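A short worksheet on the structure shown next.
Each reported figure results from applying straightforward, stated rules to the coordinates on display, with no laboratory input. Not measured: the values here are computed from a predicted model. Don't worry about glycine lacking a Cβ; one is built from the backbone with ideal geometry, like all the others, and counts go over all protein chains shown.
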Amino acid sequence: MYNLLKGKRGIISGALDQNSIAWKVAEKAHEEGAVFVLTNAPIAMRMGEINTLAEATGSQIVPADATSVEDLTNLFTQSQEILGGKIDFVLHSIGMSVNIRKKIPYPELNYEYFQKGIDVSALSLHKMLSVAKKLDAINEWGSVVALTYMAAQRTYPFYTDMADIKAMLESIARSFGYHYGLDKKVRINTVSQSPTKTTAGTGIKGFGSFYDYADAIAPLGNADAESCADYCITLFSDLTRMVTMQNLFHDGGYSSTGVSDDVMYRLGVENS
Ligand code: NAI
């Protein structure tokens, strides 16, 4: 361990179970010396798995529905009380699409579900940042990271409305990054992660085949949740102080590869 987050206070959202990317981030942040509050939607905590993580990392849990400004205000207020000062890092690891859950194809999207998806998965970042800024809850040079996916730039038919929602999330990170950076030197980035076997990931139609496809394209293979957590830790640390308003690909080289020998070979075998 490098003590990269020694003395830092954080808020980590989205740890649902051991597969969650946020779960790994919490474990790594703890190893790197940070103290933090865990948060998730009250309904997501019914399984109680988050308690195991809280115990293992010596953290307290503050439930908050990320669509509720009231809940988020309480989250940032309580977190500062619990941790004894302003916050240094925040992980936004929240995503949900009812259209994906119900396997509704893109041209036929249900707009109520679409709006719910936007509210939960994109506006929640704006709300978090707006609340934090109003309360002046984040220290100068603090770092906020939100997780996203490359469907924001390129079309993946099965990702349906989440593609548009992730594009919005990345745009919010950029736009808010300007304002928060100027006023308080708070930095905001999105990490665009490989397909990862989590509850949110595997809920997507055809996820298994797509996971294998991405793995066959990326020269380093798919990045797993643990390495994503490592990357997030570097972004929370002081070693990346001048990085802000970026969408950073963490995908084993997938996004820069047109086609791989592996995929060419497999198609060739099928066609010959
Ligand atoms: P996950 O299912 O473990 O985490 C999603 C979290 O969002 C859950 O903890 C859930 O309780 C929380 N959530 C849903 N509605 C909420 C609400 N109203 N308020 C507060 N929290 C709420 O899955 P995963 O994969 O760890 O997802 C984390 C982030 O990573 C998401 O933004 C996802 O889109 C993103 N991501 C995931 C990829 C994957 O293949 N798994 C790839 C790229 C990005």
Item to check | At most 11 other Cβ within 10 Å, DSSP loop - trypsin sites (Lys or Arg not before Pro), region 121-196 | outcome: R154
Checklist outcome for this item: Under the Karplus relation with 6.51, -1.76 and 1.60 and θ = phi - 60°, whole-Hz ³J(HN,Hα) for region 20-33, x at Gly and Pro, equal 4, 4, 4, 4, 5, 4, 4, 4, 5, 4, 5, 4, 8, x
Checklist entry - Against the longest alpha carbon principal axis of the chain, how many degrees, from 0 to 90 and to the nearest 10, is the axis of helix 261-271 turned? => result 40
Checklist outcome for this item: Taking placed amide H atoms and a strict 5 Å upper bound, the residues 5 or more places from T148 or on another chain that come that close are V191, S192, Q193
Checklist outcome for this item: Given unit charges at Cβ for Lys, Arg (+) and Asp, Glu (-), the dipole magnitude of region 170-272 about its Cα centre in debye, nearest 20, is 540
Item to check | Angle in degrees between helix 69-83 and the longest Cα principal axis of the chain, rounded to the nearest 10 | outcome: 60
Checklist entry - Who wins for biggest fluctuation among Y111, Y211, Y180 in a Gaussian network model of the chain, springs between alpha carbons below 10 Å? => result Y111
Item to check | Amide hydrogen neighbours beyond the local backbone of M96, cut-off 5 Å, H modeled | outcome: S121
Checklist outcome for this item: Taking only the alpha-carbon positions of region 47-197 as identical scatterers, the Debye log10 I(q)/I(0) at q = 0.09, 0.14, 0.18, 0.21 Å⁻¹ comes out as -0.31, -0.74, -1.13, -1.34
Checklist entry - So what is the relative contact order for the chain, in percent, with contacts set as C-alpha pairs under 8 Å and at least six apart? => result 19
Checklist outcome for this item: With +1 on the Cβ of every Lys and Arg and -1 on the Cβ of every Asp and Glu, the dipole magnitude of the chain about its Cα centre, in debye rounded to the nearest 20, is 540
Next on the checklist: Please check: in the Gaussian network model of the chain (C-alpha springs, under 10 Å), which one of D161, D183, D88 has the largest mean-square fluctuation.
Outcome noted: D183
Item to check | In order through region 186-192: 3J(HN,Hα) via Karplus (6.51 cos²θ - 1.76 cosθ + 1.60), integer Hz, x for Gly, Pro | outcome: 7, 9, 9, 9, 10, 10, 9
Checklist entry - For the chain, what is the mean residue ellipticity at 222 nm derived from helices alone (per DSSP H run of n ≥ 4: -39500 (n - 2.57); sum divided by total residues; nearest 500 deg cm²/dmol)? => result -13500 deg cm²/dmol
Next on the checklist: From Cα pairs below 8 angstrom and at least 6 apart in sequence, can you work out the relative contact order of region 112-271, rounded to a whole percent?
Outcome noted: 25
Checklist entry - What is the ratio of the Cα radius of gyration of the chain to 2.2 N^0.38 Å, where N is its residue count, to two decimals? => result 1.00
Checklist entry - For the Cα atoms of the chain, what angle does the longest principal axis make with the long axis of helix 124-135, in degrees from 0 to 90, nearest 10? => result 20
Item to check | Protection proxy ranking, peptides 215-223, 72-80, average beta carbon neighbours within 10 Å, highest first | outcome: 72-80, 215-223
Checklist entry - If you find the alpha carbon centre of region 53-83 and of region 214-269, how far apart are they in angstrom? => result 30
